[in-house]
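What follows is a single structure, written as structure tokens, with notes after it.
The values are calculated or read from the model by the stated rules, or taken from the named source; none is laboratory data. No experiment lies behind these values; they were computed from the predicted model shown. Neighbour counts are summed over all protein chains in view; Cβ atoms, including those assigned to glycine, are modelled from backbone coordinates with ideal geometry. Remember, those area values only see protein heavy atoms, side chains included, never the ligands or the DNA or RNA. Shrake-Rupley method; radii C 1.70, N 1.55, O 1.52, S 1.80 Å.
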Amino acid sequence: MSKGSQTREAVLDAAVAAASTSGLSAVSIGDLARTVGMSKSGVFAHFESKENLQLEVLRSAVSHFIAEVVGPALRKPRGEARVRALFENWFDWSSKASLPGGCIFIAAASELDDQPGPVRDYLVSTQKDWLATLSQAVRIAVDEGEFRSDVDAQQLAHDFYSILLAYHHFSRLLRMPAARVRAFRSFEQLIESARVKDAAPRNSRGRKAGAR
């Protein structure tokens, strides 16, 4: 990686962290310059406008999300284990030290929902892709005979995502200590409702619960 690419990545990492706590609109070229020890003109040269900076922040976050959440989950066995891995990986990712404000996409959604433009359009497209990934994982679990044949994949993806939204609200805003436990309990209930009744629960490694 070239020095210029390393510098750009360092700036974006700082911007993603800042956006997760303060929002995309609060991320300024001047603040980033101070954080990474560069001149404002040096940072500006990488992005040229605040809108481009915001787009690049989201693109960087998406790249990390795919690498750390989606990619590892897709390497899990087809079926419930993959759905479970998507959920668990998302929790691990949103709890990283590099995201002090939690999931940047949820934070950005609250900020941009009524602000039309390229940044909002890009965020919407990423979230639709995420929902499509969840729905496809559910359909695969149906094909594998682990979820019931009448499961509505889009509804389950909707409910899956709703748990994540609720967790973010209860943990970040209300600071409820039991938020994570309750989120995982809701997830287990959701999976149980979809599972073929004679199928044993499987963990994220694809093994039946209790199996060695």
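Of all the residues in region 56-106, those that are part of a loop (DSSP other than H, G, I, E, B), of a type in the set (Gly, Ala, Ser) and in contact (Cβ under 8 Å) with a residue 40 or more places away in the chain number 4. For first residues located in region 133-159 and under 20 Å from Ser186 (Cβ atoms), partners that are open to solvent by 20 Å² or more (accessible area, probe 1.4 Å) and part of a loop (DSSP other than H, G, I, E, B) and lie 6+ apart or on another chain with Cβ distances below 6 Å form the pairs Glu146/Ala199; Arg148/Val196. Among the residues of region 143-160, those that are open to solvent by 40 Å² or more (accessible area, probe 1.4 Å) and either in a helix (DSSP H, G or I) or in contact with a His (Cβ under 8 Å, 6 or more places away or on another chain) (or both) comprise Asp143, Gln154, Gln155, His158, Asp159.
Table: residues versus (1) among the polar types (S, T, N, Q); (2) at pLDDT 95 or above; (3) over 19 Å from Leu58 (Cα atoms).
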| position | (1), (2), (3) |
| --- | --- |
| Ser110 | yes, no, no |
| Arg120 | no, yes, no |
| Val124 | no, yes, no |
| Glu144 | no, yes, yes |
| Ala157 | no, yes, yes |
| Ala178 | no, yes, yes |
| Ser204 | yes, no, yes |
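Restricting attention to region 43-57 and to residues that are at pLDDT 85 or above and either of a type outside the set (A, V, I, L, M, F, W, C) or touching a strand residue (DSSP E or B) at 6+ places or on another chain (Cβ under 9 Å) (or both), the residue that is farthest from Glu111 (Cα to Cα) turns out to be Ser49.
Taken over region 77-100, the criterion of being open to solvent by less than 20 Å² (accessible area, probe 1.4 Å) and among the hydrophobic types (A, V, I, L, M, F, W, C) is satisfied by Ala81, Val83, Ala85, Leu86, Phe87, Trp90, Phe91, Trp93, Leu99. Restricted to region 2-61, and to residues there that are more than 25 Å from Asp113 (Cα to Cα) and among the basic types (Lys, Arg), the residue that is least open to solvent (accessible area, probe 1.4 Å) is Arg8. For region 183-199, a tally of residues being over 21 Å from Gln154 (Cα atoms) and either at pLDDT below 60 or crowded, with 16+ Cβ neighbours inside 10 Å (or both) returns 1.
Of all residues being open to solvent by 40 Å² or more (accessible area, probe 1.4 Å) and more than 15 Å from Tyr167 (Cβ to Cβ) in region 101-122, which is nearest to the chain's Cα centre (by Cα)? Just the residue, please. Explain how you work it out, then say what you get.
To start, the set of residues in region 101-122 that are open to solvent by 40 Å² or more (accessible area, probe 1.4 Å) comprises 109-110, 113-116, 118, 120-122.
Restricting the remaining residues to those that are more than 15 Å from Tyr167 (Cβ to Cβ) gives 113-116, 118, 120-122.
On the way: Asp113: 17, Asp114: 21, Gln115: 21, Pro116: 22, Pro118: 20, Arg120: 16, Asp121: 17, Tyr122: 15 Å.
Among those residues, the one meeting the criterion is Tyr122.
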